[in-house]
Amino acid sequence: MAAGATLQQHTPWNASREGHGIRAEIPWIKWTFVSVTLGYLGLFLAVPLAAVFTEALRKGIGAYLESFQDPAALAAIRLTLLVAAIAVPANLVFGLAAAWAIAKFNFLGKNLLTTLIDLPFAVSPVISGLIYVLLFGQQGWLGPWLSSHDVNVIFAVPGIVLATIFVTFPFVARELIPLMQEQGNEEEEAALVLGAGAWQTFWRVTLPNVKWALLYGVILCNARAMGEFGAVSVVSGHIRGKTNTMPLHVEILYNEYNFVAAFAVASLLAILAMVTLVAKTFVEWKSRQSVELLEPTTAEEV
Amino acid sequence: MSLRRLLSSVALAAMTFGFLLPSLATAKDIELLNVSYDPTRELYKEFNAAFSQYWQARTGDTVTIQQSHGGAGKQARAVIDGLEADVVTLALAYDIDAIAEKADLLPADWQKRLPDNSAPYTSTIVFLVRKGNPKGVKDWNDLARPGISVITPNPKTSGGARWNYLAAWGYVLKKELGDLARVHDPKAAAEVAKANAKARQFVTALFKNVPVLDSGARGSTTTFVQRGIGDVFISWENEAYLAIKELGPGKFEIITPSISILAEPPVAVVDKVVDKHGTRSVAEAYLRFLYTKQGQELVAKHYYRPRHPEVAKRYRGQFVDVALFTIDDVFGGWKKAQQTHFADGGLFDQIYQPK
């Protein structure tokens, strides 16, 4: 039944090619599935999203904008941007290096590395945060040494950055590995044979081949970096105006009965999510286009 | 394509944020971090502003006080793990004891350094019920009735929850023994043991009625008030008044039980941190300011019971007269209570079975 329905969903596109191949068209099945999907989306995505904006604007646009005058809110926004500005480039470099190593070379422990990259997806964010407390906390392994050298990691910006990097590091690598594996080494080898240097090969061949996947990974990585709650909550210390990122600040405001401000800051995160979706769709579309354009030419060249 | 350009714009963006960053910490003025428990948010917001003004008038320095709030046990844990609090203002003495014990950041006799057991304000435990008190909750014994849903935070992480639990326990002792002074009477030992067994039964039944344990008092308030879960919320008195004020007078009612516990939330300067930061004098002045008339006025305004006799007199009408026992009277102090009831494998662990 389910298979039949999936097939039918393709009919608008396939109709011209397949003619009336599927005869057992039962409209109610189609509409049931469509309405279940849409209802589900509406209930779990659209309604909460609408609620965020309704609550944020409950007392008018003036109160909404006023929420962003609060120095603590501004500090939270600034901190979130700062954390993303460090975590995302760091994971971009790491993801690219890891994907390159895994896709283009064979070495001992490659499978282990591939598995380890997925670790942050498998571990609860709270545990990710706790790891850093155990490592860098005053009672932890490195804590006493760090504090005697006057370095603050936990309950300060470095800890938040570390936790964010940990939580977001699979995103770029995960996007690149399958693509790079599929692409193989031929083009790089050709470039090297033709006399290109290593950097030249990287900038002119490897990178352009993966640029859309890379961008896709960066977008997802950024969204998660800005939205992370659990891991950051554990290492933040919740100092208002200092170590609160936007998601943490939303919680604080909510707990202080300051609903308009809480939802106003939340609306920024919602807007970020929507921008991410649009950017993601654009990148997907672009990458499909570039694949379509690339295919005939590479075929000719090779 | 222009991936290089993309990368360079990322780098540029990173640099821009780098320029913004110093504005986080430009001023040379003094910063204090006050690590506090959940319901003091509103109090310290106002108190901090008043103290800054006072300090500037006195010394010319500007002092900014940063706040961190959460369940008291959790907050103490963070300080032990390295959250650099200049002062801690927590829900109960044991949490500060833990900081002294586990991290050695302040001396063990910290509580003797300020007047009134280092507790500049007190509070007690009351019940918050929905308008009209539909379940007819009048006293502690109603909370153990089957079919009633009780909200309280987790005694493992929340100081307020520990007061709640001990208040309930003390109620049974009082009922069984008639006079709480007999708890320490060696001649009544058999009776006391019997009363303690009854108390254990009662508290077990009470916690059977608790559908969710939040980690801090504020989380529980939100559960009860915003999410509409539960028939009765065992709450700090100040938190109950605040919930009514903030979230709709006419939606909730405060029920005062026949007997409750005198909660003394203590404050302390964290010696090792202030010495490291060079903030000892301002941190000490900050806590002493809590005891001044101005500080006590603010305390009362936020529904904490003031210590200052004059201020207490003025605000007497605000607080219900209720028989209060202290933790020292009944449980022999926080260390003992903590060990018996809340330590790993203690009575609470034996009593509470998560569903």
> Of all the helices (runs of 4 or more DSSP H) wholly in region B:265-355, which have at least 3 residues that are closer than 29 Å to B:Thr157 by Cβ and in contact (Cβ under 8 Å) with a residue 12 or more places away in the chain?
Replying inline: B:271-277, B:280-289, B:293-301, B:327-331, B:334-337, B:347-351
> Only one of these conditions is not met by B:Asp104: (1) away from chain A (no Cβ under 14 Å); (2) touching a residue at least 60 places away in the same chain (Cβ under 8 Å); (3) surrounded by fewer than 19 Cβ atoms within 10 Å (Cβ to Cβ); (4) not basic (Lys, Arg). Which number is it?
Replying inline: (1)
> Considering only region B:54-66, how many residues are under 16 Å from B:Glu31 (Cβ atoms), assigned to a helix (DSSP H, G or I) and out of contact with any Ser or Thr (no Cβ under 7 Å at 6 or more places or on another chain)?
Replying inline: 2
>> Looking only at residues that are assigned to a loop (DSSP other than H, G, I, E, B) and hydroxyl-bearing (Ser, Thr, Tyr) in region A:228-251, which one is nearest to the other protein chains (Cβ to nearest Cβ)?
In response: A:Thr243
>> I'm trying to understand the selection: among the residues of region A:158-202, which are of a type in the set (Phe, Trp, Tyr), assigned to a helix (DSSP H, G or I) and crowded, with 18+ Cβ neighbours inside 10 Å?
In response: A:Phe166, A:Phe171
> In region B:77-100, which residue that is away from chain A (no Cβ under 12 Å) and not aliphatic (A, V, I, L, M) is surrounded by the most Cβ atoms within 10 Å (Cβ to Cβ)?
Replying inline: B:Thr89
>> If I ask for residues that are surrounded by 15 or more Cβ atoms within 10 Å (Cβ to Cβ), over 19 Å from B:Ser260 (Cβ atoms) and of a type outside the set (A, V, I, L, M), which ones from region B:209-229 would you list?
In response: B:Asp214, B:Ser215, B:Gly216, B:Arg218, B:Gly219, B:Thr222, B:Thr223
> Only one of A:Thr54, A:Thr80 is among the hydroxyl-bearing types (Ser, Thr, Tyr) and at pLDDT 95 or above; which?
Replying inline: A:Thr80
> Can you pull out the residues in region B:28-46 that are of a type in the set (Asp, Glu), over 12 Å from B:Val63 (Cβ atoms) and away from every other protein chain (no Cβ under 11 Å)?
Replying inline: B:Glu46
> Among the residues of region B:25-42 satisfying the criterion of being closer than 15 Å to A:Leu253 by Cα and in contact with a Lys or Arg (Cβ under 9 Å, 6 or more places away or on another chain), which is modelled with the lowest pLDDT?
Replying inline: B:Asp38
> Quick one: how many residues across region A:132-157 are at pLDDT 90 or above and in a helix (DSSP H, G or I)?
Replying inline: 6
> Is there any pair with a first residue in region B:200-221 that is more than 14 Å from chain A (Cβ to nearest Cβ) and a second that is among the acidic types (Asp, Glu) and crowded, with 19+ Cβ neighbours inside 10 Å whose Cβ atoms are under 9 Å apart and which are 6 or more apart or on different chains, and what are they?
Replying inline: B:Asn209/B:Asp231
>> Please verify whether B:Arg77 is more than 19 Å from B:Ala268 (Cα to Cα), assigned to a helix (DSSP H, G or I) and modelled with pLDDT under 95, treating the condition exactly as stated.
In response: no
> If we scan region B:246-257, do we find a residue that is aliphatic (A, V, I, L, M), closer than 20 Å to B:His302 by Cβ and in a helix (DSSP H, G or I)?
Replying inline: yes
>> Go through (1) out of contact with any helix residue (DSSP H, G or I) (no Cβ under 8 Å at 6 or more places or on another chain); (2) in contact (Cβ under 8 Å) with a residue 24 or more places away in the chain; (3) surrounded by fewer than 24 Cβ atoms within 10 Å (Cβ to Cβ); (4) assigned to a helix (DSSP H, G or I) for B:Pro134 and report which single condition fails.
In response: (4)
>> From the list B:Val210, B:Val203, B:Val232, exactly one residue is of a type in the set (Val, Ile, Thr) and touching a helix residue (DSSP H, G or I) at 6+ places or on another chain (Cβ under 6 Å). Which is it?
In response: B:Val203
>> With the requirement that a residue be crowded, with 18+ Cβ neighbours inside 10 Å and within 7 Å of chain B (Cβ to nearest Cβ), what does region A:136-146 give you?
In response: A:Gly137, A:Gln138, A:Gly143
> Between a first residue in region A:199-216 that is away from chain B (no Cβ under 11 Å) and a second residue that is among the basic types (Lys, Arg) and in a helix (DSSP H, G or I), which pairs have beta carbons less than 7 Å apart while being 6 or more apart in sequence or on different chains?
Replying inline: A:Tyr216/A:Lys280
>> Suppose we keep only residues that are small (Gly, Ala, Ser) and more than 14 Å from chain A (Cβ to nearest Cβ) within region B:53-76. Which one would you say is farthest from the chain's Cα centre (by Cα)?
In response: B:Gly60
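The values are calculated or read from the model by the stated rules, or taken from the named source; none is laboratory data. In this text the structure is predicted, and so the values were computed from the model without any measurement. Glycine also receives a Cβ, built like all others from the backbone with ideal geometry; neighbour counts cover every protein chain displayed.
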